[in-house]
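The values are calculated or read from the model by the stated rules, or taken from the named source; none is laboratory data. Because the structure is a prediction, the values reported are computed rather than measured. With ideal geometry, Cβ positions are generated from the backbone for all residues, glycine too; neighbour counts draw on all protein chains shown. Just so you know, the surface numbers come from the protein's heavy atoms only, side chains and all, with ligands and any DNA or RNA stripped out. Shrake-Rupley method; radii C 1.70, N 1.55, O 1.52, S 1.80 Å.
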Amino acid sequence: MTAAYDPQNIFAKILRGEIPAQKVYEDDHTLTFMDVMPQGDGHTLVIPKAPARGLLDADPASLAAVAATVQRVARAVKAAFAADGLTVFQYNEPAGGQTVFHLHVHILPRFDGVALGRHTGGMADQGVLADHAARIRAALETA
Ligand code: AMP
């Protein structure tokens, strides 16, 4: 049986403004911010504002809003980093590789011949993340 949603998870705290994040985009139903332990430059996370542990318990309308934001942000990420491609992924439960239990979708710009970095590797410099968030925001404005 899947565990219940825990409102003390770190992304719920970001949504409530209790801990900081390098925010990229926000609308009524979703929030997008930089991953603090990026697997590559421009590693971005999209989350629903509605509580959901993962894909299986999410409300379909909330999931649809996440999908729309993922497409919008992915276009901007690709443009901001002049990427050759994108990797988009989402994990469910510890067996599926999930470590934060509020639904989130990863967006990573990819470059020909460059391997993906390690999942949950080192913490990135906040100044670098702020710069990357600003680059993606600028690309969103011109999209
Ligand atoms: P997973 O649940 O396996 O999809 O991974 C959770 C992701 O959240 C990892 O890529 C972490 O680097 C990232 N992460 C964890 N804490 C934070 C945080 N406070 N702000 C932004 N990203 C985070």
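For GLY113, the criteria (1) within 12 Å of the ligand (Cβ to nearest atom); (2) open to solvent by 70 Å² or more (accessible area, probe 1.4 Å) hold in every case but one, which is (1). Taken over the stretch 58-74, the criterion of being buried (at least 17 other Cβ atoms within 10 Å of the Cβ) and not in a helix (DSSP H, G or I) is satisfied by ALA58 alone. Annotation note: Cβ proximity below 8 Å between a residue of the stretch 78-106 that is in contact (Cβ under 8 Å) with a residue 24 or more places away in the chain and acidic (Asp, Glu) and a residue that is within 10 Å of the ligand (Cβ to nearest atom) and not in a helix (DSSP H, G or I) (sequence gap 6+ or interchain) occurs for GLU93/GLY54. Among the residues making up the stretch 26-47, those that are farther than 16 Å from GLN126 by Cβ and either within 12 Å of the ligand (Cβ to nearest atom) or open to solvent by 40 Å² or more (accessible area, probe 1.4 Å) (or both) are GLU26, ASP27, ASP28, HIS29, LEU31, THR32, GLN39, GLY40, VAL46, ILE47.
Could we say that ILE107 is part of a helix (DSSP H, G or I), within 16 Å of the ligand (Cβ to nearest atom), within 26 Å of GLY17 (Cβ to Cβ) and modelled with pLDDT of 95 or more here? The answer is no for ILE107.
For the stretch 1-23, the tally of residues that are touching a residue at least 60 places away in the same chain (Cβ under 8 Å), more than 11 Å from the ligand (Cβ to nearest atom) and either farther than 13 Å from ALA50 by Cα or in a strand (DSSP E or B) (or both) stands at 2.
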